[in-house]
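Beneath this line is the structure, given in structure tokens, with notes to follow.
The values are calculated or read from the model by the stated rules, or taken from the named source; none is laboratory data. These numbers come from a predicted model, not from an experiment. Reconstructed Cβ throughout: ideal geometry from the backbone, glycine too, with neighbour counts over all protein chains shown. When the accessible area is computed, the model is the full protein with side chains, heavy atoms only, and any ligands, DNA or RNA have been set aside. Shrake-Rupley method; radii C 1.70, N 1.55, O 1.52, S 1.80 Å.
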Amino acid sequence: MTGPLSGRVALVTGAARGIGLAIATALAGASARLVIHDRDDAAEAVARRLGSEDGRATALITDLAQPSAVDSMATELERLALAPDILVLCASAEIRQTLDALSDEALAVQSEVNLHATARLLKAFLPGMRARGFGRVIAIGSVQEARANADCLYYAATKAAQTNMILNLARTTQAVDITFNVIQPGAIRTDRNRAILAQPGREEQALARIPLGRIGSPEDCAGIALLLCSPEGSYINGAEIAVDGGMRL
């Protein structure tokens, strides 16, 4: 059987866990050919699982904190004759520090992964989308853009800047079938957040800010990502879509 994304190649960064894994799984279910990126060998296990029947998933292991990472990704995908039609920018670096504790290392890593890698990935793969006349770019933002915490000061700033970059391209690219959108998750029970939510009082504090009264799951973000990649979402461009249970309000 073929799905709505049959024949499309989807590169999902940070796809070995959490929101990236949930989105990659949804795209695989819609018959996309997947490139599972992450910084460690977990990408290999996910690629085997999602492409176990017909090899329709490929692992790509690079650390986006390294300036050369995107060049190596592009070289490898060219070697494999895989040209991404869908780019989901899910990998991110979040280092929780308040302004008085903010280190140069935290500034550099979060800038490199959240901003510089975004620009490099777009520069590497957007021209191919334009040449083929089809593209879907989805950035995973954050509720922190609207409801920032003191210890996420710089992380929130980089996510807001990433969103600005995506909206700029949504306005200026002006291609018939290339869209750029941002999904902004709230409190999602990922590996990264699970330890934070386990701290005394933290989950209760988060729940008090969420009108729906529950912590989200990675799968809560997958449906909207699938819509944005599917024919039914082809007229959605330049949208900031909150998946946060109302936490931003």
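Just a yes or no: is a residue in the stretch 159-172 surrounded by fewer than 18 Cβ atoms within 10 Å (Cβ to Cβ) and assigned to a loop (DSSP other than H, G, I, E, B)? Within the stretch 159-172, not a single residue is surrounded by fewer than 18 Cβ atoms within 10 Å (Cβ to Cβ) and assigned to a loop (DSSP other than H, G, I, E, B). Cβ-Cβ distances below 9 Å connect the following pairs, each with a first residue in the stretch 120-135 that is more than 15 Å from residue 174 (Cα to Cα), a second residue that is among the hydroxyl-bearing types (Ser, Thr, Tyr) and assigned to a loop (DSSP other than H, G, I, E, B), and a separation of six or more residues or different chains: 121/13. If you go through the stretch 228-249 and keep only what is out of contact with any strand residue (DSSP E or B) (no Cβ under 8 Å at 6 or more places or on another chain) and farther than 24 Å from residue 133 by Cα, you end up with 246, 247, 249.
Total residues in the stretch 177-202 satisfying the condition of being open to solvent by 80 Å² or more (accessible area, probe 1.4 Å) and either under 17 Å from residue 244 (Cβ atoms) or outside any loop (DSSP other than H, G, I, E, B) (or both): the figure is 4. Assessment of the stretch 203-218 against the conditions (hydrophobic (A, V, I, L, M, F, W, C) and part of a helix (DSSP H, G or I)) yields at least one matching residue. Filtering 33, 17, 8, 39 for residues that are of a type in the set (Lys, Arg) and in contact with a helix residue (DSSP H, G or I) (Cβ under 7 Å, 6 or more places away or on another chain) leaves a single hit, 17.
Results for (1) open to solvent by 10 Å² or more (accessible area, probe 1.4 Å); (2) of a type in the set (Asp, Glu); (3) at pLDDT below 95; (4) under 19 Å from the mean Cα position of the chain (by Cα), shown as yes or no for each residue.
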residue	(1), (2), (3), (4)
116	yes, no, no, yes
129	no, no, no, yes
144	yes, no, yes, yes
147	yes, no, yes, no
151	yes, yes, yes, no
154	yes, no, no, yes
175	yes, no, no, no
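Summed over the stretch 131-142, residues that are within 29 Å of residue 206 (Cβ to Cβ) and surrounded by fewer than 21 Cβ atoms within 10 Å (Cβ to Cβ) total 0.
Filtered by the rule that a residue be open to solvent by less than 60 Å² (accessible area, probe 1.4 Å) and either without any contact (Cβ under 8 Å) to a residue 40 or more places away in the chain or in a loop (DSSP other than H, G, I, E, B) (or both), the stretch 221-249 gives 230, 234, 236, 238, 239, 244, 245, 246, 247.
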